[in-house]
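Below is one structure; the comments refer to it alone.
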Amino acid sequence: MLYLRDAFPRERWTGALPETAAFWLQMHAGFRAQQVQMADAATRWRSGQLDPRGLHAALIPTLQAFLQHLDGHHRVESGHYFPQFRLIEPRIQTGLDLLDRDHDAIHAHLDALYHSAVAFHRGVAGQSSDAPDHAHRLADTLDRAAPSLTRHLDDEEDIVIPLLALKGASAA
Ligand SMILES: [Fe+2]
Ligand SMILES: [Fe+2]
């Protein structure tokens, strides 16, 4: 699955990328930045620097945007780009199958995050005594989701960026 990356390694992913490839990397950089921000909020909660209200303010707006954007991003990839890539580069079917399966697996994490976040939000809004329990559960759910998303962003870039750069003209 890595023959495309071998043909166009990361060292060459510089200024001259096609617009779609540059935009793709920019989107992924945004998701990584949001993940770092959310992990940081969870760390501050666990170390006692934030109370449940503080965690809510530091985490929930970012998480909300993250869930919406990532879900939309995956829909466009699986629904629009990947079918085009399958036609343009039939050799990469297995790689695209893997990325589509990743989307399903990540969707389950996003679902779990959404439900944990709603429970936490209700706990904080209702000033309920179980708000700290919900905060811990949400922080744990974030931890569980992080590795598969990080890995997916890297794996997808290894396939998509070379494909757009080498065959990009017809993939726009
Ligand atoms: Fe993806
Ligand atoms: Fe992506």
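The values are calculated or read from the model by the stated rules, or taken from the named source; none is laboratory data. Predicted model only: the values in this text are computed from it and were never measured. Methodologically, a virtual Cβ is constructed for each residue, glycine included, from the backbone with ideal geometry; neighbour enumeration extends over all protein chains shown.
Contact annotation: residue pairs with Cβ atoms under 7 Å, 6 or more positions apart or on different chains, pairing a residue in segment 88-100 that is within 16 Å of ligand 1 (Cβ to nearest atom) with a partner that is among the hydroxyl-bearing types (Ser, Thr, Tyr), are 100/78.
Residue count for segment 7-66 satisfying the condition of being at pLDDT below 95 and outside any helix (DSSP H, G or I): 8.
I'd like the full set of residues that are within 14 Å of ligand 1 (Cβ to nearest atom) and surrounded by fewer than 15 Cβ atoms within 10 Å (Cβ to Cβ), limited to segment 131-172. Answer for segment 131-172, where residues must be within 14 Å of ligand 1 (Cβ to nearest atom) and surrounded by fewer than 15 Cβ atoms within 10 Å (Cβ to Cβ): 148, 150, 151, 154. The number of residues in segment 101-122 being within 14 Å of ligand 1 (Cβ to nearest atom) and basic (Lys, Arg) comes to 1.
When segment 110-125 is filtered for residues that are over 16 Å from residue 62 (Cβ atoms) and without any contact (Cβ under 8 Å) to a residue 60 or more places away in the chain, the ones remaining, listed by number, are 111, 112, 115, 119, 122, 125. When residues in segment 132-172 are screened for being outside any helix (DSSP H, G or I) and in contact with a Gly (Cβ under 8 Å, 6 or more places away or on another chain), 0 of them pass. Residues in segment 49-103 that are among the acidic types (Asp, Glu) and over 12 Å from the mean Cα position of the chain (by Cα) were compared, and the one that is surrounded by the most Cβ atoms within 10 Å (Cβ to Cβ) is 77.
Applying the selection to segment 13-57, what residues are of a type in the set (Gly, Ala, Ser) and touching a residue at least 12 places away in the same chain (Cβ under 8 Å)? Residues satisfying the conditions are 21, 30, 39, 41, 42. Is it the case that segment 80-98 has a residue that's assigned to a helix (DSSP H, G or I), away from ligand 2 (no atom under 13 Å from the Cβ), of a type in the set (A, V, I, L, M) and more than 20 Å from residue 151 (Cα to Cα)? Looking through segment 80-98, at least one residue is assigned to a helix (DSSP H, G or I), away from ligand 2 (no atom under 13 Å from the Cβ), of a type in the set (A, V, I, L, M) and more than 20 Å from residue 151 (Cα to Cα).
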